[in-house]
Amino acid sequence: MTDIRAHLDALPGVDPRAPLLEVRDLHVEFRTRDGVARAVNGVDLRLNPGETLAVLGESGCGKSVTAQAIMGILDTPPGHVTRGEVRYRGVDLLRLPEADRRKVRANRIAMVFQDALSALNPVYTVGFQLAEQFRMHRGMSRKDAKQRAVELLDQVRIPDARRRVDDYPHQFSGGMRQRVMIAMALALDPEVLIADEPTTALDVTVQAQIMNLLAELQQQRGMGLMLITHDMGVVATVADRIAVMYAGKVVEEAPVHDIYARPAHAYTQALLESIPRLDLKGRPLNVIRGLPPALTDIPSGCAFHPRCTYAREICRLEPPPAYRIAPQRIASCHFVREVLGV
Amino acid sequence: MFRYIVRRLLQMVLTFFGATFIVYALMFANVDDPLQALAGDRPITDSQRAVLEARYHLDDGFFTQYWHYVSGLLTGDFGQSLTGRPISEMLAQAWPVTVRLALFAIVIAAVIAVGAGVLSGIRRGGAFDTATLVLTLLVLAMPIVVLAPLAQLVFGIQLGWFPPTATRDANLYELLLPALVLGTLVVATELRVTRTSVAENLRADYVRTARAKGLAPKRVIGVHVLRNSLIPVITLIGVDIGALMSGAVVTEGVFNIPGVGFNLLRGIRTEDGPLVVGFVSVLVIVFLVINLIVDLLYAALDPRIRYE
Amino acid sequence: MSDYNAVSTVEAPGKSRTLAGDAWLDLRSRKVFWIAAVLVVVILVMAFWPSLFTSVDPRDCLLARKHAGASGGALFGYDFQGCDVYAKTVYGARDSIVVSVSATLVAGLIGLVVGLLAGYFGGWLDALLSRFVDVMLAIPFLLGAIVLAKRLSADPQSNGIVAVIVTLGVLGWTTAARVMRSAVIEAKNQDYVTAARMLGASPARLMLRHILPNAFGPFIVVLTVLLGINIAGEATLSYLGVGLKGDAISWGLAIAEAGPYARTAAGPLVWPSVFLAATVLAFIMLGDAVRDAFDPKLR
Ligand SMILES: Nc1ncnc2c1ncn2[C@@H]1O[C@H](COP(=O)(O)OP(=O)(O)OP(=O)(O)O)[C@@H](O)[C@H]1O
Ligand code: SF4
Ligand SMILES: [Mg+2]
């Protein structure tokens, strides 16, 4: 389509048959004064075109850090990728020269952040911030770029886009601001969209609108969507597959319906039991006991063992291997069978 | 924006009366013989006494006196010095020199502060950052009464790099040393504020967004971080002008530059009270106006203020 | 950034420490603090027992020795009046410290009262006092000081010390008041203070027992910084001729007197400058260290 696209398609190692996005054994640590926080400890993920992968997990388990590592926007220092691969169509982005990597960002892999108010620059109009990408990546004139910005705002259904393009972020409501954020991520027609809790900062009614918009745009464009969220309800309605993270690792990965029907990892099971369900009204909720581990001091063996009701001696001593329990299902638990109840 | 301007203007009017009242009160409240207070140790002639009495309406109550003084200020009548020269005339001569010196100092200070501040904010804790921190500390520790004479001694007299004094129509080169001295008054704070603000803004979420948009680091910093980081620095400039005015008194005195500060210093040394009060009043007004402008500039830079 | 909590909560649940205690622990580990503290102590000793440093009387001047170079007795040589520069510089510490400490106390007291009243009672009192502070800030410090000091130092008999203290104190309290005010407002809204108020604690008791301790840190920081500013302020006023005079000995005065002769004799200009700068530096570093210690955010 354009030079940048052609350039990216010709990157050494591009493999048309490879998955759209594939993360292997990703490790990220933060070296701070309080010690080394191992935020991501061997994450494996895979995303195909048109697919929605939901990434679930407690606060602090490394979801955002994983997303930032994929984008290549970790705060370095203190954050460092210490091991692993992030392959986009077979090309390992971590080994790419910075200039090429920068072109992948926004052009091929884009990101929507949680809090649009702080994620948008307060001192520039949204039009400027949208047009900026066309000017920098496509070499458009200010005027053309602004025209494109208006079109984008239209696409995310911001009323009166032509006028609002000159407004500043703080002049928009929360939902509208998140729409701007989405427009910004979609500006250069990326193939992968990473949405990091895109609705957490919004009211419930607005949440649904934004999720619908995202799902719709994803289908229109056939993008791969990596949706980071806490919201199990959202996951059930929009996701194809789920990856559950604990202490910087993906502990279970499965198609969405399988996981709801029969979790294979003790942590997933506990997580599902901790959400309120209408059919179980009146019964006490099972809250997961204990706290998530400190990332400076992750428990040995299976990181979940201090909180796990299934745990036995071996869980403390040996990290569980990843069991493939169905063609599309992986779970890392020593007692998969017991959890599954077979 | 319009309402913001109106509000600021109203505030300024209030502050104007407040500030001039304080200056007036500092000088004249509770004095037995106000005229002698004006003249200090110096004997006053009868004709001087007559002029001063007419000027300050000393027979009236304090507030009436103040009112006469303020209306004088507002109509451009700043009074006469004890030597009989109208202060407005002296000011007209002295202003251009001082304005040039101050602008020069501001430009030098701003360039150094923003340049070095951004660099050390980006690499906090690095060698450059540590070096600038130590330097700013040293600069902060040098009151202008130390810096100006020493700079003149070392660079003007001993090394002979710059002319040790400057004339009324000094060229930029002649003004360079005094401007540098004057600039150091504000450079350290400006630099530190820039540095902190850059370091803070670098961690802001919108910077992460900018990087996610695939922008080059130069643009991320030059466009996104810089504009946000300059906002607190701009507000400083208003305060800085006050420091510069104070500093100009010493600097112009040391380097013999016949500007406003020089005249003020001479007024102090010759016990010329009316001159001192007149000059200080005008400087206070100028300071007010500049601060108003700075505030408007601030609003232009930060849309969140503008639309409040 | 709640994202960081996971790491920071691993801290062992040790003894609960007070803010001041924390700050002191932090201070002890700072090199800057120790350098500054040593400097300040030296200056204080110099101010109170100058005879430990020199046996020469700084007022014992002989025109015959005018601008004589350094000799056995006079480390830094003699100035234009034939006074021993070293002795004069050492003795200059006294008035400098006396003026700056007293002026800081005056300013601190005014700031404390104004800030406390404005912050605690709020409403129109706050509005009025805050406006007043704004007006004060609209007068460039030195210009205001020149006018006031000139007026106060009109008495030819005095040595100007009281005049300078009053000038610096009366004009220098604004920052202290602002800091006090915001600290009080912050403390006032804290739950335990609200609780104490509900339980019927009197305003005086609330301020003394609950609010003041909270405002202590930032207030100390401001005062430390103010000490340095006042040292420089005294020197500047004296330099300009509206500060110390008569038999007072001031670095600022010495610099002013030595200026015209700098070509012939640099010593009388350089040495007071060095001492003055070192003193201001010491207080600035002390202020920096104390501020960092009290403000965990800046660490
Ligand atoms: N810039 C940083 N500096 C230091 N540590 C960091 C930084 N960013 C993240 N971390 C560490 O990485 C851990 C994982 O953070 P992350 O933001 O990925 O959690 P998360 O799974 O997204 O949680 P949440 O659901 O709350 O967003 C955090 O607990 C924190 O300790
Ligand atoms: S490996 Fe052991 S501790 Fe970990 S989830 Fe499975 S049963 Fe629990
Ligand atoms: Mg997150």
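Worth a mention:
- The stretch B:105-227 - Debye-derived log10 I(q)/I(0), Cα point model, q = 0.10, 0.16 Å⁻¹: -0.41, -0.81
- Inter-chain Cβ neighbour average for residues A:71-78, partner chain, 10 Å: 3
- Counting heavy atoms of the protein chains alone, B:ARG269 has an accessible area of about 130 Å² for a 1.4 Å probe.
- Residues in the stretch B:160-207 occluded by at least 20 Å² - accessible area, probe radius 1.4 Å, against chain by itself: B:ARG192, B:ARG203, B:ASP205, B:TYR206
- Close lysine pairs were tallied over the stretch C:33-298: pairs 8 or more places apart or on different chains with Cα atoms under 22 Å apart number 5.
- Within a Gaussian network of chain B (alpha carbon springs, distance under 10 Å), most fluctuating of B:THR209, B:THR196, B:THR20: B:THR209
- The stretch C:33-298 - Rg over Rh from alpha carbon coordinates, Kirkwood radius: 1.08
- Heavy-atom accessible area buried between chains A and C is around 400 Å² (1.4 Å probe, both sides summed).
- Approximate spin-label separation A:ASN48-A:LEU340, in nm, with each point projected 7 Å along Cα-to-Cβ: 2.1 nm
- Calculated P(r) of the stretch A:150-274 - Cα pairs past 27 Å, %: 27 percent
- Counting only alpha carbon atoms, the long axis of helix A:98-107 and the longest principal axis of chain A meet at about 80°.
- For the stretch B:169-238, the Kirkwood radius over C-alpha pairs fed into Stokes-Einstein at 37 °C and 0.692 mPa s yields D = 235 µm² per second.
- Of all accessible heavy-atom area on the stretch B:91-301, the percent that carbon and sulfur account for (1.4 Å): 71 percent
- Cα-centre dipole for chain B with unit charges at Cβ (Lys and Arg positive, Asp and Glu negative), debye to 20: 1960 debye
- Lys/Arg +1, Asp/Glu -1 at C-beta; the protein assembly as shown dipole; positive extreme among A:MET245, C:ALA282, A:THR200: A:MET245
- Shape summary: chain A maps onto an equivalent ellipsoid whose semi-axes, from the alpha-carbon gyration tensor, are 36, 23, 19 Å in decreasing order.
- Spin-label zone in the stretch A:131-175 - amide nitrogen under 18 Å from a point set 7 Å from the Cα of A:VAL14 along the C-beta vector: A:137-138
- Mean Cβ neighbour count within 10 Å, used as a protection proxy, ranking C:96-107, A:23-34 highest first: C:96-107, A:23-34
- Degrees separating the helix A:174-186 axis from the principal Cα axis of chain A, which is the longest one: 80 degrees
- Residue-averaged beta-carbon neighbours from other chains (10 angstrom radius) around A:121-129: 5
- In units of the rule-of-thumb radius 2.2 N^0.38 Å, the protein assembly as shown shows an alpha carbon radius of gyration of 1.16.
- For peptides A:226-237, A:304-315, A:64-75, sequence by mean Cβ density within 10 Å, most packed first: A:64-75, A:226-237, A:304-315
- Taking C:LEU52, B:LEU73 and ordering them by how much accessible surface each has at a 1.4 Å probe, largest first, produces C:LEU52, B:LEU73.
- Lysine pairs in chain A with Cα atoms under 30 Å, if 8 or more residues apart or on separate chains: 5
- Rounded to the nearest 10 Å², the accessible area of B:ILE112 at probe 1.4 Å: 80 Å²
- Per-residue mean of C-beta atoms belonging to partner chains within 10 Å, peptide A:26-33: 1
- For the stretch C:112-255, convex hull volume per residue from C-alpha positions, Å³: 116 Å³
- Each Lys or Arg adds one and each Asp or Glu subtracts one; over the other residues with Cβ under 14 Å from the Cβ of C:SER130, this totals +1.
- For chain A, the longest principal axis of the alpha carbon atoms and the long axis of helix A:126-138 meet at an angle near 90°.
- Residues in the stretch B:102-207 average 43 Å² of solvent-accessible surface per residue, probe 1.4 Å, ligands and nucleic acids excluded.
- Here the translational diffusion coefficient of the stretch B:91-301 follows from Stokes-Einstein with Rh set to the Kirkwood radius across Cα pairs; for 37 °C and 0.692 mPa s it amounts to 178 µm²/s.
- In terms of its alpha-carbon gyration tensor, the stretch A:17-97 comes out oblate; a/c meets the 1.5 threshold, while b/c is at least as large as a/b.
- Cα-based shape type of the stretch B:192-270, given that a ≥ b ≥ c are square roots of the gyration tensor eigenvalues and the cut on a/c is 1.5: prolate
The values are calculated or read from the model by the stated rules, or taken from the named source; none is laboratory data. All figures in this text were calculated on a predicted structure; none of them were measured in a lab. All Cβ positions, even for glycine, are placed from backbone atoms using ideal geometry, and neighbour counts span all protein chains on display. All accessible areas refer to the heavy atoms of the entire protein, side chains included, with ligands and DNA or RNA removed. Shrake-Rupley method; radii C 1.70, N 1.55, O 1.52, S 1.80 Å.
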